[in-house]
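Notes to accompany the following structure.
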Amino acid sequence: MRRNKHAQLDLFFKDILPHWREDIPELSSLLEAEKFVKGEHLVNDWGDLYLITEGIFGKYEKTCPVRYALAGESLMIPNQKHNYRFVALSDCHTFRTSFRQLEAINAYNPKVFYLYAHLKDKQLGYLDYRHKLLSLHNQDKYDFVFNHYPELLAYITQKELAQFMGISMELLRRMMRDRAY
């Protein structure tokens, strides 16, 4: 059974601003539910914020995977020109709002800035994940990826996984064979 909207949003906000419902009551009405089917692209409006409640999205720079976003994570579309594509790798449910809508509330309720700043920090942490992955020794990359994304291979090809990890297909096959995958 699907939880109500406030319960779903609590997963994103309760650790940042425990009383977000009272502190920013208009926030819930700004976040609109959106569904995506596998293969569908996110609307790529600058500054949009997506809170993923179900499914997995891929973020690609041209054709190179740079991030995967799971349920419970947010996706922030950069607020400037970029070459990213955001694709639903499964059927997905999100809540979406725009930077402009948040900015409008922030004009009279500065707690929105606090909330947004924390979400932005989390976004940077998600981006740092790939930098860390690429800096690891090749033999450590496989476990690093599958500790965070245990079901990833159900959504992407081995070729894409190798590209995400920054290794050759041959090395990935060896790693998988060694783990009897």
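Observations on the structure shown:
- Leading residue by the ranking (farthest from the chain's Cα centre (by Cα)) among those in the stretch 1-19 that are touching a residue at least 40 places away in the same chain (Cβ under 8 Å) and in a helix (DSSP H, G or I): Lys5
- Cross-chain or 6+ apart pairs with Cβ under 6 Å, the stretch 145-170 first and closer than 18 Å to Leu127 by Cα, then part of a helix (DSSP H, G or I) and among the basic types (Lys, Arg): Met165/Lys141
- Enumeration of residues in the stretch 83-97 that are open to solvent by 40 Å² or more (accessible area, probe 1.4 Å) and assigned to a loop (DSSP other than H, G, I, E, B): Asn83, Asp91
- If the condition is being of a type in the set (Val, Ile, Thr) and in contact with a strand residue (DSSP E or B) (Cβ under 7 Å, 6 or more places away or on another chain), then the stretch 62-76 contributes only Val66.
- In the stretch 98-171, counting only helices (runs of 4 or more DSSP H) that sit wholly within it, the ones holding 2 or more residues that are over 28 Å from Glu40 (Cα atoms), open to solvent by less than 20 Å² (accessible area, probe 1.4 Å) and of a type outside the set (S, T, N, Q) span 111-135.
- Residue in the stretch 25-38 that is open to solvent by less than 70 Å² (accessible area, probe 1.4 Å), among the aromatic types (Phe, Trp, Tyr) and either in contact with a Cys (Cβ under 8 Å, 6 or more places away or on another chain) or assigned to a strand (DSSP E or B) (or both) present: yes
- Residues in the stretch 115-137 that are at pLDDT 90 or above and of a type in the set (A, V, I, L, M): Leu115, Ala117, Leu119, Leu133, Leu134, Leu136.
- Between Glu22, Glu61, the distinction of being free of Cβ contacts under 8 Å to residues at least 12 places away in the same chain, of a type in the set (Asp, Glu) and out of contact with any Ser or Thr (no Cβ under 8 Å at 6 or more places or on another chain) belongs to Glu22 only.
The values are calculated or read from the model by the stated rules, or taken from the named source; none is laboratory data. Fair warning: this is a prediction, and the values are worked out from it, not measured in the lab. FYI the Cβ positions are ideal-geometry reconstructions off the backbone, even for glycines, and counts take in every protein chain you see. Ligands, DNA and RNA are excluded from the accessible area calculation, which covers all protein heavy atoms including side chains. Shrake-Rupley method; radii C 1.70, N 1.55, O 1.52, S 1.80 Å.
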